[in-house]
1. Over the range 25-105, what relative contact order in percent results from Cα pairs under 8 Å that are six or more residues apart?
2. Give me the 1.4 Å probe accessible area per residue for the chain, excluding ligands and nucleic acids, in Å².
3. Taking the chain as a Gaussian network, Cα atoms linked when under 10 Å apart, which of Lys37, Lys124, Lys74 shows the biggest mean-square fluctuation?
4. Just Lys100, Lys68, Lys125 to compare: in a GNM of the chain, with alpha carbon springs under 10 Å, which one fluctuates most?
5. Heavy atoms only, probe 1.4 angstrom, no DNA, RNA or ligands counted: give me Tyr26, Tyr111, Tyr97 ranked by accessible area, highest first.
6. Distance in nm between label sites at Leu39 and Glu108, each 7 Å beyond Cα in the beta-carbon direction?
7. Determine the share of the chain's accessible area contributed by carbon and sulfur atoms, expressed in whole percent, with a 1.4 angstrom probe.
8. Quick one: what do you get for the range 121-161 if you divide its Cα Rg by 2.2 N^0.38 Å?
Amino acid sequence: KSLFLLMATFYTLQQAQHKIEQYCAYQERCHEEVRTKLLSLKVYGDGLEEIINQLISEDFLNEERFAKAYAGGKFRMKKWGRSKIIQGLKARKISDYCIKQGMTEIPEEDYQKTLQSLVKSAIKKYHSGNIFETKSKSANYLIGRGYESELVWDAIQRNLK
């Protein structure tokens, strides 16, 4: 049996600052992700808060910008609905104001078109001899993707007429 020793890597505040700036420059990050990353770099207390304040003042870290990038990206790339996007932002401890700003990245017309195309593909995917089963499975799938149940049921009704 071999014995593995884990070596803890310690960074100076300046090194941690540089590392976290690169982390933030790579993609938009929220405060919670940065805080977690700094803790993994063994930066605690006043040093951690100092670095976060510095990142905010130098515009490496901006929660409103993060919320917009997150909402727009999850909608366009993964075709998530509003409910799932809001849930993801809340899990990252984003403020209600920033969540509201982030949701402006989803144009209503695009949202309806996306829902419509997802409804069509869900009905095809879950098509069975039983219309109630088809509706139910399609609705569950779409609600699971974060679309509002009223919108989902209306769209399913329109598509099955």
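The values are calculated or read from the model by the stated rules, or taken from the named source; none is laboratory data. Remember, predicted model here, so these are calculated numbers, not experimental data. Note that we place each Cβ from the backbone using ideal geometry, even for glycine, and neighbour counts take in every protein chain shown. Each accessible area value is taken on the protein alone, full model and side chains, heavy atoms only, with ligands, DNA and RNA left out. Shrake-Rupley method; radii C 1.70, N 1.55, O 1.52, S 1.80 Å.
1. 36 percent
2. Using a 1.4 Å probe on heavy atoms only, each residue of the chain averages 64 Å².
3. Lys124
4. Among Lys100, Lys68, Lys125, the largest mean-square fluctuation in the Gaussian network model of the chain belongs to Lys125.
5. Largest accessible area first, the list is Tyr26, Tyr97, Tyr111.
6. Once both label points are built, they end up 4.1 nm from each other.
7. Here carbon and sulfur together make up 53 percent of the probe-accessible area.
8. Here the Cα radius of gyration is 1.02 times the empirical estimate.
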